[in-house]
Amino acid sequence: MFKLPKNMLERYSPLYFLASVGAGGIVVTFFMYLLYWVPHPGRPVPIFEDIAGYFANASLAGQTGVAIGMAAIAFFVLMNIRLLFWNLSEFGKFKKTDAYKAHQKTNAQTQVLAYPLALAMGINVLFIAGLVFVPGLWGVVEFLFPVAMVAFVAVGVLAFALIGQFLKRVLVEGGFDSSKNNSFAQVLPAFALAMVGVGVAAPAAMSAVTLTAGISLILSTFFLIVTLIMMSVAIVIGSASMLKHGAGKETAPTLLIAIPILTTLGILVIRQDHGLHVFFDGHTTAGDTLMFLSMLVSVQALFALLGVMVLRAQGYFSSYVNGKEKSAGSYALICPGVGFSVLFQFFINKGLVATELVDKFSPTYWALTAIAIGAQLAMVWLLFMLNAKHFAVEAKPALAPAE
């Protein structure tokens, strides 16, 4: 583990919330092991009883996979919570500084949306932890779904309040600097809303109560549409600025931000599809799901090619990952790798296996799964690398650029 600095004040950046988001995303990647390798008949997700029953009778390979998944989930859940509470404390202190007041008068004002993004991820992580480690949770889950939706909506209200503050300033007072918008940094608010939306959509896939599923469908659709609109607008204005001024080196990781957003929205739609099928006579074939996931993975590949090309050309990795320079925005690199790993697992299992293009647990299946696991392990390494760089005792984390 690592020690966390205290009283960073003006040296703090809201983008450090992405460290917590990254740890939470890694929790989800390890939950994929249990979701697709552990049988859970009659339920959309595996619970403690399913995992324990499988582990007792599984082969050594199966037991090893489950043990690794559960141990990693526990470890990264603790890391997610620790980083979240550290950020809440340091962010509160940062808000009392003159640096924060100056920060809120620049394009970087939207960086505070990493705050509700981390809160929404934290709720999702706690739900996963409950499924995996709490016996009997499924017996009371119908009481938890309304509570969870209220919590997610509350985070959504916070996100809209922060977005409103930004829009009020730039639309009434002006001050948005288009020349410094040469990245996709303004897509961060859409990511926060997408994370809220995928959480709100969970009861649509898991609840056995029609009203709960219906409310989940309606609320998650709202967040889905708003996310798509905001992401599209931010990508257009960011692209225009980059074509004129070139991509900003320190904010270049945001070129990959569409990847985790597409993953969250993809899971949101799959959850909605399950609820529509069970409760409202909506029918989607395995082929439809394959095509949907194929399109999402294709778009992710496009953004990955663009982002990695620019990052390598600018020498970002040698400067901010392996080099001596520090930027809180480096944590934005973790979410795309995590997002790809998770969506590729869905593509393999919900797409290729469900349509019988690939046999489950065949050599081809494991070869494809190795790609997702490779991306996952790379992000685990990157998270530890950045934590050591930014949170070592002697380190002095740098303030993110005000762009």
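Where a number appears in this text, it was derived from the coordinates with a stated rule and is not lab data. Remember, it's a predicted structure, so these values are computed and weren't measured experimentally. Positions of Cβ are backbone-derived with ideal geometry, glycine not excepted, and every protein chain shown enters the neighbour counts.
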Given R₀ = 22 Å, FRET efficiency for Leu302-His245 by Cβ-Cβ distance, to 0.05? 0.50
Can you give the FRET efficiency for Ser294 and Leu88, using 1/(1 + (r/R0)^6), R0 = 45 Å, r = Cβ-Cβ distance, to the nearest 0.05? 0.70
Rounded to one decimal in nm, the spacing of the 7 Å Cα→Cβ label points at Val134 and Ala392 is 3.9 nm
Take Leu228 and Ala61, extend 7 Å from each Cα along the Cα→Cβ direction, and tell me the distance between the two endpoints in nm. 4.1 nm
Test of understanding: ordering His283, His103, His245 by Cβ neighbours within 10 Å, fewest first, what list do you get? His283, His245, His103
Run the numbers on the range 9-391 and let me know its relative contact order in percent, using alpha-carbon pairs under 8 Å that are six or more apart. 19 percent
Treating the angle as unsigned and between 0 and 90°, give the value, to the nearest 10°, between the Cα long axis of helix 363-391 and the longest Cα principal axis of the chain. 40 degrees
Connecting C-alpha atoms closer than 10 Å in a GNM of the chain, tell me which of Leu296, Leu167, Leu193 has the biggest fluctuation. Leu167
By how many degrees, 0 to 90 and rounded to 10, does the Cα axis of helix 188-200 deviate from the longest principal axis of the chain? 20 degrees
Normalised by the residues of the range 281-403, what does the relative contact order come to in percent, with Cα pairs under 8 Å and at least six apart? 34 percent
Using a Gaussian network model of the chain with C-alpha springs under 10 Å, which one of Ala61, Ala370, Ala332 is most mobile by mean-square fluctuation? Ala61
Please give the Cα centre distance for the range 7-74 versus the range 255-279, rounded to the nearest Å. 19 Å
Among Ala286, Ala201, Ala213: highest mean-square fluctuation, GNM of the chain, C-alpha pairs under 10 Å: Ala286
Nitroxide proxy distance, nm - points 7 Å out along Cα→Cβ at Glu325 and Leu167: 3.4 nm
Using only Cα atoms, tell me the angle between helix 17-37 and the longest principal axis of the chain; keep it within 0 to 90° and round to the nearest 10. 20 degrees
Could you work out how much longer the chain between Thr97 and Asp281 gets when fully extended? Use 0.36 nm per residue separation minus the Cα distance between them, nm to one decimal. 60.8 nm
Work out the P(r) tail for the chain: percent of alpha carbon pairs separated by more than 32 Å, whole number. 32 percent
Summing -39500 (n - 2.57) over every DSSP H run of at least 4 residues in the chain and dividing by its residue count gives a helix-only mean residue ellipticity at 222 nm, to the nearest 500 deg cm²/dmol, of -23000 deg cm²/dmol
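Report the full-extension gain for the segment Thr364 to Arg312: residue separation times 0.36 nm, less the Cα-Cα distance, to one decimal in nm. Write out the running numbers ahead of the final one.
Details: separation 52, 0.36 × 52 = 18.72 nm, distance 3.12 nm.
Taking Thr364 through Arg312 to full extension adds about 15.6 nm, to one decimal.
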